1. Listed highest first by mean packing, meaning other Cβ atoms within 10 Å per residue, what order do 388-397, 66-75 come in?
2. Could you derive backbone 3J(HN,Hα) for segment 381-392 from the dihedral phi with the Karplus parameters 6.51, -1.76 and 1.60 (θ = phi - 60°), listing whole Hz in sequence and x where the residue is Gly or Pro?
3. Please find the FRET efficiency linking Arg425 to Thr155, where r is the Cβ-Cβ separation and R0 is fixed at 45 Å, and quote it to the nearest 0.05.
4. Computed from these coordinates, which is mean projected area of the Cα convex hull in nm²: [x] 25.4; [y] 36.8; [z] 20.8?
5. Of Lys20/Lys339; Lys264/Lys348; Lys87/Lys260; Lys253/Lys470; Lys321/Lys349; Lys20/Lys91, which pairs sit farther than 27 Å apart, going by alpha carbon to alpha carbon?
6. Quick one: which residues, 5 or more positions from Val242 or on another chain, have an amide H under 5 Å from its amide H? H modelled 1.01 Å from N in the peptide plane, none for Pro or chain starts.
7. From the residues His152, Ala108, Ile96, which one has its Cα farthest along the dipole of the chain in the positive direction, the dipole being from +1 and -1 charges on Cβ of Lys/Arg and Asp/Glu about the Cα centre?
8. Contour minus end-to-end for Lys87 and Arg445, with contour as 0.36 nm per residue of separation and end-to-end as the Cα-Cα distance?
Amino acid sequence: MSIDHANGTAPSITNVPTIKFTKLFINGDFVESVSGKSFETIDPRTGDVIARISEGTKEDIDVAVKAARHAFDSGPWPRLPGTERAKIMMKFANLIEENIEELAALEAIDAGKLYHLCKVLDIPAAANTLRYYAGAADKIHGNVLKASGQFHAYTLMEPIGVVGHIIPWNFPTSMFFVKVSPCLAAGCTMVLKPAEQTPLSALFYAHLAKLAGIPDGVLNVVPEFGAIAGAAISSHMDIDAVSFTGSTQTGRKIMEAAAKSNLKQVSLELGGKSPLIIFDDADIEKATELALIGILFNKGEVCVASSRVFVQEGIYEEFEKKLVEKAKAWIVGDNFDPKVQQGPQVDKKQFEKILSYIEHGKREGATLLTGGKTIGSKGYYIEPTIFSNIKDDMLIAQDEIFGPVLALKKFKTIEEAIKSANNTRYGLAAGIVTKNLDIANTVSRSIRAGTIWINCYFAFGDDIPFGGYKMSGFGREYGLEAIHKYLQVKSVVTPIYNSPWL
């Protein structure tokens, strides 16, 4: 395995950009938290402190919600024509692209993401997501109804109000705009809580939103350390909807808090344990590439990572051999190096969690084919890890590890593969590799998951709805369906002339 640290090459600290924004962003201004407290955000390449960030509390959420409430009830944003909202969103998108290098660097030092991929993928994709929903902002309308009983009726699609967004740390930019873009298009106002591990880009985007002309109070960003702000958002009586991406355990708490408060609308995109099923007729070279990128992209910190790979017995031995060879050649190291394929895990907590699952896999009796160890003495680097001889009830085959750990299993029949694939509490995504259309159709209809990829993986798009089945949550991101989370339907009915009701 090619590893920068093993060769004594330390991560470069010269890549750290000047940190410009560390305070809460409320009502159009950067402000200190009510408590005056702050917390550290850490560079996972080294474990060193990047900056201290103002720590939001329940009191800060109250202030932010008050600003968002005023902006919704009395401000211009919900009342602007869709074309005007679209113009501002387009300007916002252009500003993102103008600052692409600085934003990519912030993502790299805060989340351990690959700098070159952030620059060519994450940041441009975020700008395009904004543009996609800007194009929908003037196309939100209801229907004219042919009502019975001599009534004229129509529906209005109105913004739901103040929305609370709680986003995770694995894709800080992508998750920011997956939430914010359709919300802005719908005419809502919002309070967003970034993950405490990765607050830097969210605060920079708040600054760009202000420059783009988004009115004060429409977008408020409140970082915090722990679960205080998230709980305050979920239970707040003046927040009309909450959208959360993260763990199933936290999603359950958000639902409980929403139910106990004002029964606010909730959408949840939660955990996953996605299967990749590879059949005998597959191209083995392509299949191994899909399996490897499916688990190692973004160092395995992906909700739809192909963490369970099922391979039909006819090609299993050759597949396993090629997969292990490719994993051993995978380059782990400083995420600013363009040759590197995998950077550090996001923080020490996640690093230690992944290592504990690796040790558990060994104790359960799974066979460790490659990896399983840390890299270097500084930072949070873990070798690509592959286990074989997996049983469906093993912890490493059931729990979302959220790291570069793959569980490999052999199967005989289609029925066996479907049963194993569905043998999990999650249902976020799945992959199928086959040249047989009948197999592809049969399996794709049998897997209980929100997204099925056939002969591809990680095939996302702004116009492709994304979300889960079972304990992977409900509601959809992306696509026009995402706007519907931030709208509500109002029916308007009037009697027709000569109606008996006149």
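The values are calculated or read from the model by the stated rules, or taken from the named source; none is laboratory data. These figures come from a predicted structure and were not determined experimentally. Positions of Cβ are generated from backbone atoms using ideal geometry, with glycine treated the same way; all protein chains shown enter the neighbour counts. SASA here: full protein model, heavy atoms, side chains in, ligands and nucleic acids out. Shrake-Rupley method; radii C 1.70, N 1.55, O 1.52, S 1.80 Å.
1. Output ranking for 388-397, 66-75: 66-75, 388-397.
2. 9, 10, 5, x, 10, 10, 10, 10, 6, 7, 10, 4
3. Efficiency at R0 = 45 Å is approximately 0.75.
4. Label [x] holds the value from this structure.
5. Too far apart for the 27 Å limit: Lys20/Lys339; Lys264/Lys348; Lys87/Lys260; Lys321/Lys349.
6. Gly164, Gln265, Val266, Ser267
7. Final value for the positive-end residue is His152.
8. Fully extending the segment from Lys87 to Arg445 adds 124.8 nm.
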